[in-house]
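A.B. asks: Before we start, here is the structure in question, set down as structure tokens.
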Amino acid sequence: MKLNFLIFALLLAHAGFSQSVDTVESTIKIIDINSGTAKTVYQEQRHIEAPNWSRDGKYLIVNSHGHLYKMPLDSRKMEMINTGFADNCNNDHGISPDGKQLAISHSEKGKGSAIYTLPIAGGTPKPVTSATPSYWHGWSPDGKTLAYCAERNGNFDVYTIPAAGGQEKRLTTSEGLDDGPEYSPDGKYIYFNAFRNGSMQIWRMKPDGSEQEQLTNDAYANWFAHPSPDGKWIVFISYLQDQGQTHPFGKDVKLRLMSLEDKKIKDLTPVFFGGQGTINVPSWSPDSKQLAFVSYRIIK
């Protein structure tokens with residue numbers, strides 16, 4: 001029963017279940033990693049999640065209530081992306097290295113989430129994974145492979161699969177949750193978060209799953225490590241309180257930076273109200289100088 005409850009909670013979290021449109025205010029912010037100065041670029045009384053930054057630096061892609069939206073940074077107006085039949089997309093989506101494709105995670109009615117790809121401008125999604133649930137998290141630098149979190153036989157682990165579809169490969173086998181896999185820009189590592197020894201921490205491994213190495217070991221619950229395009233940093237979200245193996249919405253969190261040169265960690269933001277939806281996916285600017293994220297406020 002405990003395992004079934006955990007799986008149900010994780011499925012809800014990955015699906016991006018959210019507050020109603022009338023009760024949450026979402027604020028998309030961009031923060032300068034050197035100065036720590038954050039500016040608001042969009043705010044709406046609607047649940048918006050997971051900003052991707054385009055490869056040309058001109059727009060963000062976010063999800064809201066099953067749909068994906070493009071927000072040009074000059075006009076700051078939301079434009080719905082045509083995703084065809086995929087009208088139940090969650091907050092696990094991202095742009096290919098060449099900027100031409102979009103990977104999405106969409107749940108058909110009565111089925112778990114599956115991964116699809118489609119043209120960046122929109123179009124009919126092409127299926128990549130056949131087994132569900134599967135939640136996209138990373139493109140390999142050459143664009144040929146996708147990394148994702150998937151539940152198989154009652155356990156959530158990290159998998160990879162050819163971007164064109166094919167046989168999936170399991171990379172982690174621990175009993176605890178392994179999630180959020182993302183390739184380093186040089187392709188030498190996959191960064192991920194793992195619940196091992198009673199704590200959610202940041203790890204990395206070789207792309208074949210070997211040499212798994214723990215990078216953080218503190219009192220925070222650490223999720224979703226995103227390497228900067230220049231390979232110098234990873235950013236991740238830290239819950240102030242232990243959340244077990246879940247990453248819920250509506251908690252006190254902060255973003256932290258780790259230097260990959262010396263593994264030192266520093267706070268990027270003060271504590272704010274966020275969690276699920278804040279930074280699930282890659283959200284670095286192409287020049288590695290800025291980062292997009294979402295904070296929230298409950299409307300009483």
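Every read-out reported here was derived from the displayed coordinates using simple, explicitly stated rules and does not represent laboratory data. Bear in mind the structure is a predicted one, so any value in this text is a computation, not a measurement. Reconstructed Cβ throughout: ideal geometry from the backbone, glycine too, with neighbour counts over all protein chains shown.
A.B. asks: Can you give me the Kirkwood hydrodynamic radius for the chain, using every pair of distinct Cα atoms, in Å to one decimal?
C.D. replies: Working: mean 1/r = 0.0533 Å⁻¹.
Value: 18.8 Å, from the Cα pair sum.
A.B. asks: What ranking do Thr216, Thr173 get, fewest neighbouring Cβ atoms within 10 angstrom at the top?
C.D. replies: Numbers: Thr216 20, Thr173 10.
Lowest to highest Cβ neighbour count: Thr173, Thr216.
A.B. asks: From the phi angles alone, apply the Karplus equation (6.51, -1.76, 1.60; θ = phi - 60°) to region 157-163 and give each ³J(HN,Hα) in whole Hz, x where the residue is Gly or Pro.
C.D. replies: 9, 8, 10, 10, 7, x, 4
A.B. asks: Just rank Ser64, Ser113, fewest to most, by other beta-carbon atoms within 10 angstrom. If you can, show how the numbers build up before the last one.
C.D. replies: Working: Ser64 22, Ser113 27.
Listing Ser64, Ser113 from fewest to most nearby Cβ atoms yields Ser64, Ser113.
A.B. asks: Students often forget the sequence filter, so: which lysines lie under 25 Å Cα-Cα from Lys254 once same-chain residues fewer than 8 apart are removed?
C.D. replies: Output for Lys254: Lys29, Lys39, Lys232, Lys263, Lys264, Lys266, Lys289, Lys300.
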